[in-house]
1. Can you tell which of 63, 33, 75, 49 is more than 16 Å from residue 117 (Cα to Cα) and in contact with a strand residue (DSSP E or B) (Cβ under 6 Å, 6 or more places away or on another chain)?
2. Six or more apart or on different chains, Cβ under 6 Å: which pairs go from a residue in the stretch 130-143 that's farther than 21 Å from residue 116 by Cβ to one that's modelled with pLDDT under 90 and not in a helix (DSSP H, G or I)? Could you list them?
3. State the number of residues belonging to the stretch 18-38 that are under 16 Å from residue 58 (Cα atoms) and part of a strand (DSSP E or B).
């Protein structure tokens with residue numbers, strides 16, 4: 001996205017770090033910033049700079065509990081209203097304790113950005129990180145990655161809006177959640193409660209679709225029943241009964257014709273056949289050479 005003149009100026013200030021009047025220090029990494037820019041967007045940083053604290057005297061704020069890369073992304077946002085959320089190569093990260101065991105994909109890093117935005121009370125960054133998280137969830141993340149990121153979020157950020165997004169992701173991955181040993185998911189009651197609410201809402205939504213399908217099925221059954229007494233059906237029945245009146249004796253046993261009609265379904269379409277009650281043979285006038293179906297005495301049903 002093209003930057004306007006003020007944005008370019010701020011980006012240049014960030015790139016050069018001069019003339020800075022405040023330093024953020026994170027595990028040996030130094031970020032030279034400007035009070036007018038960062039304090040105007042974070043009341044926490046503002047309080048540290050202007051309060052009766054050591055930071056106000058030294059001009060150095062020690063950022064603990066976050067990765068250097070996460071601090072860099074926060075600073076980038078404060079200057080440009082955006083940040084690069086691509087996965088960070090492990091070689092670019094400081095070797096702080098525990099990092100080697102922490103996932104380093106975009107989804108987990110987005111959770112960390114949300115956590116630092118929540119801690120320093122930067123609502124615009126919180127909003128952006130939520131959008132990034134939702135977008136990444138739609139890009140084919142593995143179930144294990146999603147669940148792991150949600151666990152990290154539960155432990156590091158209190159952003160209720162992010163918890164809503166995570167509950168939606170969980171509601172769409174119930175089989176994974178159910179596989180967690182003894183349901184000790186590690187994601188906390190708040191997110192689980194939101195997940196349950198979303199599942200219940202989805203159930204009600206699905207029930208509406210089920211009710212609609214049931215009504216449609218009943219309507220179709222009624223239509224089929226009405227077709228059973230259609231004029232065409234009645235015409236075929238009348239034709240069969242007319243044939244009964246014309247048959248005087250069975251062509252096989254020569255007995256005075258005593259017959260009944262029955263429906264057979266040995267063909268793709270049900271047929272009404274006329275059968276002698278004496279010899280039980282079909283009262284036919286010969287068989288169709290191509291199909292073997294009795295002629296004249298069999299009618300589509």
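The values are calculated or read from the model by the stated rules, or taken from the named source; none is laboratory data. Keep in mind it's a predicted model, so treat the numbers as computed, not measured. With ideal geometry, Cβ positions are generated from the backbone for all residues, glycine too; neighbour counts draw on all protein chains shown.
1. The conditions single out 33.
2. Note: pairs meeting the criteria are 143/173.
3. 9
Residue-by-condition table, conditions (1) part of a helix (DSSP H, G or I); (2) over 23 Å from residue 124 (Cα atoms); (3) over 38 Å from the mean Cα position of the chain (by Cα); (4) without any contact (Cβ under 8 Å) to a residue 60 or more places away in the chain:
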residue	(1), (2), (3), (4)
41	no, no, no, no
48	yes, no, yes, yes
56	yes, yes, yes, yes
66	no, no, no, yes
71	yes, no, no, yes
